[in-house]
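S.K.: Please find one structure pasted underneath; my questions will follow.
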Amino acid sequence: MTFVALAEQPSDSASGTGPATWAVQTWAIADAEWHKLVRDPTELFSRAVQPTLWLLVFGEVFTRLRAIPTGTLSYVAFLAPGVLAQSVLFSSIFYGIAVIWERDLGIVNKLLVSPAPRVALVAGKGLAASIRGFVQALIVALLAAILGVPLRLSPAAVGGTILVVGIGSVLFSTFSLVIACLVKTRERFMGIGQLLTMPLFFASNAIYPLAVMPPWLRAIARANPLTYLVDALRALMVSGGQSSAGLGVDVAVLTLTCVVLVLIAAWLMPGLVR
């Protein structure tokens, strides 16, 4: 579906199918993003290098060292969900630079003058970002299986993993969009994006458990949404893995944070074109 299709959609006030119209408009944005990714899939393959290095090099070395206590799990099994969460973060956090590029090309202006509500525009872009997350999940799962990680393959576990990866992708891509709306230039965005990614990653339970952190870092980690993404993935992906906060708490925190960021991004988006 194209921007023309968006322009032909009736507004919520003009039709009695507000939620259905909103869903169609959201999917139209996601579909346009999906077609761009299909035409140039090199990004997906290039992003497979980083999780491969983390699992094969970092994971295998620290498994031999036994320096980090991971309970009954091997370190590679403990690390795999963290690497997946890292891949979701890194592929989503720079999503906003594409929006700045679209602003410079005039595409954002066309979206904002369409009848689609701004929330649908933001949600559609977040949904498109989740496609990258699903590809990363498949790559990490295949690598983990090759390395002997005992994966949960029940329909409930696989479906839960897909759902959590999708929520995490929307969350961090929307966070990226908020940054893009605030800084408005690609150069500033790249600097801030690089500044945020590593602290978000290291101040989480992706590569070591919360129990080994000093109290000040543990407090930061508990306020970090990436911690809850890793926690949920660890319980869903790996046999013997558990959620320290509780799977329901993890999903609730991720969903609430995602909704808040979507609303903030929708409110800020018109400022992107000023």
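Just so you know, all these numbers are worked out from the coordinates, no wet-lab data involved. None of these values were measured; they are calculated from a predicted model. Neighbour counts run over all protein chains shown; Cβ positions are idealised from the backbone, glycine included.
S.K.: Starting from the Cα of I220, step 7 Å along the direction of its Cβ; do the same at T52; then give the gap between the two resulting points in nm.
M.R.: Output for this residue pair reads 3.2 nm.
S.K.: Compute the Rg to Rh ratio over region 166-274 from the alpha carbon atoms, using the Kirkwood formula for Rh, and round to two decimal places. Intermediate results must be reported in sequence, preceding the final value.
M.R.: Working: Rg = 15.4 Å, Rh = 15.0 Å.
Rounded to two decimals, Rg/Rh equals 1.02.
S.K.: Summing Lys, Arg as +1 and Asp, Glu as -1, what charge do residues with Cβ under 11 Å from the Cβ of R234 carry, R234 excluded?
M.R.: Values: positive: R152; negative: D231, D250.
Around R234, the surrounding residues sum to -1.
S.K.: Here is a further query. Using amide H atoms built in the peptide plane, which far-off residues or other-chain residues are under 5 Å from V238 H to H?
M.R.: R152
S.K.: Let me ask something else about it. Measuring from the lowest to the highest alpha carbon on each principal axis, how far does region 221-274 reach, largest first, in angstroms?
M.R.: The principal-axis extents, from largest down, are 51, 17, 15 Å.
S.K.: With label points built 7 Å along Cα→Cβ from the Cα atoms of S239 and F134, find their separation and express it in nm.
M.R.: Between S239 and F134, the label points sit 2.7 nm apart.
S.K.: Roughly how many nanometres apart are two label points built 7 Å out from the Cα toward the Cβ at L65 and L263?
M.R.: Label-label distance for L65 and L263, simple model: 4.4 nm.
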